[in-house]
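First up is the structure itself, then whatever we jot down about it.
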Amino acid sequence: MQDKELFYFKYLSPLGEMIIASDGEFIIGIWFDGQRYFSNKILDKAKEKDLHVFQQTKNWLDIYFAGKVPDFTPPLSLDGLSNFGKKVLQILINLPYGQTSTYGKIAKQIERESGKKVSAQAVGGAVAHNPISIIIPCHRVIGGNGCYTGYAGGISKK
């Protein structure tokens, strides 16, 4: 099977430049420039190109950064993530706008649904490797004590 062609688009947010990546159909990544876990491998293979999916994503981000609630989600792909990672990020996608959760609460939710023991640290690892910043709101996951904890994009952006 041949690898899909990859594309990227640069977006200037109020928090700094972001790189948006796509397989031509779905968003596969959104990272702040210099973000930890940023996938340079994608940019090494990708071409800069303006696609419809990038315009949808730019529109979503413009609405979000204007302090409003976007009423749509651009098409996203979580291919390449583990089943556990996909489960954690799906919980985040369903987190109501403006609400926060904790790593521990997410772990307990997965435990209830799967019947398997899950640690808050395992959830933290999956959250830290979220490839689609902002739209999948990993920035709204906080520590059990209510404090901000690490953020791959930088704690000041969280």
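Data for the structure
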| quantity | calculated |
| --- | --- |
| Segment Glu113-Lys49, extension gain: residue separation times 0.36 nm, minus the distance between their alpha carbons | 19.0 nm |
| Over the range 45-134, volume per residue of the alpha carbon convex hull, in Å³ | 118 |
| Accessible-area composition of the range 75-133, carbon plus sulfur, in percent [1.4 Å probe] | 53 |
| For peptides 52-62, 88-98, sequence by mean Cβ density within 10 Å, most packed first | 52-62, 88-98 |
| Å² of accessible area per residue within the range 33-116, as computed with a 1.4 Å probe and no ligands counted | 64 |
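The values are calculated or read from the model by the stated rules, or taken from the named source; none is laboratory data. Everything quoted here is computed from the prediction, not taken from an experiment. A quick note on method: Cβ atoms are made from the backbone with ideal geometry, for glycine too, and the neighbour counts reach across all protein chains shown. Quick note on the areas: whole protein, heavy atoms, side chains included, nothing else; ligands and nucleic acids left out. Shrake-Rupley method; radii C 1.70, N 1.55, O 1.52, S 1.80 Å.
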